[in-house]
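Asker: First the structure, which I've put down as structure tokens, then a few questions once you've had a look.
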Amino acid sequence: MRYKYVPSSGNLSIAWFKAFKHINKYGRTSPLIIRIKDIPKDISNLEDSSVRDIFDDFLNRKGQSSINTVANTIFPWSLWNPKKERKVLYKRHFRITPSIKSCNPNKFGHYFRRMIGFNTSYNDTKYSDDFINQIEHVIDTYRSGTHRHSALQIGIFDPDRDHSKSRQKGFPCLHQIAINSHGPNGKDGLGITGFYAKQLILKKAYGNYLGLCRLGYFLARELNMDFVQMNCVISEADINKSIFKKNDRDKLYKRINSLDIYNLHTI
């Protein structure tokens, strides 16, 4: 298997397309490392809408979750009101659990729930301050003056619940998130790194990168920093070929490549 490092400056769509191009050509890759630096201050400038619209249409025709649905499992952007205290976000998220479960059959939960309520059952619908809220820990720890990187981590994988001999489980592929402050007291901004055991480059990757970036924007705002870099380290990246046939993948590639945005054909 090949190793691949994918750098990109300020554009999530281009970073994902580079990764897709590589894996569509070479197949399974270990590891795959994505880095998006120089992230724009306005999240609306993070993506290229033409690329995203084409890919979302492709996913819809294949009966797969939209980019936004996948991203929301990491950070539910539409539930966050920056003008209100963070606890409002947490309460909203727990309150809509039945709706989340109705469109997500995964009985083990999902990523944001593990971040704000690691010790909770997926059946819980009411938030409590007694929950293990790792996001609050990171924010409170940093604000208290402790900036060591080993303290600024969010764990997803739970050995008690997730160690299994099941051949197919699907969750959690994301097992850890690390937050980094760059420069003295975060002067040069905040970076976020997600670590994946497995990532399917068409089914989940774009939404994964977007979810991590949304979480980065949220944390940076709460810590009074600029969000400047997203890294994603994937132990193994691949394509689910039973769903995404080569002919379909090649058509998708040609359609996006024909946009000639940022000279896509040269990457």
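The values are calculated or read from the model by the stated rules, or taken from the named source; none is laboratory data. All of these numbers come straight from a predicted model, not from anything done at the bench. FYI the Cβ positions are ideal-geometry reconstructions off the backbone, even for glycines, and counts take in every protein chain you see.
Asker: Taking the conditions exactly as written (part of a helix (DSSP H, G or I) and aromatic (Phe, Trp, Tyr)), does residue 108 satisfy them or not?
Answerer: no
Asker: Continuing with this model, one more query. Quick one: count up the residues across the stretch 204-258 that are assigned to a loop (DSSP other than H, G, I, E, B) and more than 16 Å from residue 180 (Cβ to Cβ).
Answerer: 11
Asker: What's the number of the only condition in (1) in contact with a Lys or Arg (Cβ under 7 Å, 6 or more places away or on another chain); (2) without any contact (Cβ under 8 Å) to a residue 60 or more places away in the chain that residue 119 fails to meet?
Answerer: Of (1) in contact with a Lys or Arg (Cβ under 7 Å, 6 or more places away or on another chain); (2) without any contact (Cβ under 8 Å) to a residue 60 or more places away in the chain, only one is false for residue 119: (1).
Asker: Still on this structure: Which members of the stretch 204-243 meet the condition of being crowded, with 24+ Cβ neighbours inside 10 Å, in contact with a strand residue (DSSP E or B) (Cβ under 7 Å, 6 or more places away or on another chain) and more than 24 Å from residue 136 (Cα to Cα)?
Answerer: Result: 205, 234, 237.
Asker: Take the residues in the stretch 16-55 that are touching a residue at least 12 places away in the same chain (Cβ under 8 Å) and either of a type in the set (Ser, Thr, Tyr) or at positive phi (or both), then tell me which one is surrounded by the most Cβ atoms within 10 Å (Cβ to Cβ).
Answerer: By that ranking, first place goes to 29.
Asker: Hey, does the stretch 151-168 have a residue that's farther than 16 Å from residue 228 by Cβ, of a type in the set (A, V, I, L, M) and at pLDDT 95 or above?
Answerer: Looking for residues that are farther than 16 Å from residue 228 by Cβ, of a type in the set (A, V, I, L, M) and at pLDDT 95 or above, one finds at least one in the stretch 151-168, hence yes.
Asker: Sort through 240, 231 and tell me the only one that's closer than 19 Å to residue 31 by Cβ, at pLDDT below 95 and in contact with a Leu (Cβ under 9 Å, 6 or more places away or on another chain).
Answerer: 240
Asker: Checking residue 65 against (1) free of Cβ contacts under 8 Å to residues at least 40 places away in the same chain; (2) among the small types (Gly, Ala, Ser); (3) assigned to a loop (DSSP other than H, G, I, E, B), which single condition isn't satisfied?
Answerer: The number of the failed condition is (1).
Asker: Then there is this: Could you pull out the residue among 130, 124, 162, 158 that is farther than 27 Å from residue 88 by Cβ and among the acidic types (Asp, Glu)?
Answerer: Sole residue among the options that is farther than 27 Å from residue 88 by Cβ and among the acidic types (Asp, Glu): 162.
Asker: Continuing with this model, one more query. Does residue 13 count as without any contact (Cβ under 8 Å) to a residue 12 or more places away in the chain, assigned to a helix (DSSP H, G or I) and under 18 Å from the mean Cα position of the chain (by Cα)?
Answerer: Taking the combined requirement at face value, the residue does not satisfy it.
Asker: Of all residues being touching a strand residue (DSSP E or B) at 6+ places or on another chain (Cβ under 9 Å) and of a type in the set (Val, Ile, Thr) in the stretch 135-185, which is farthest from residue 211 (Cα to Cα)? Just the residue, please.
Answerer: Only one residue tops the list, namely 138.
Asker: Within the stretch 82-90, is there a residue that is more than 23 Å from residue 152 (Cα to Cα), touching a residue at least 12 places away in the same chain (Cβ under 8 Å) and not acidic (Asp, Glu)?
Answerer: no
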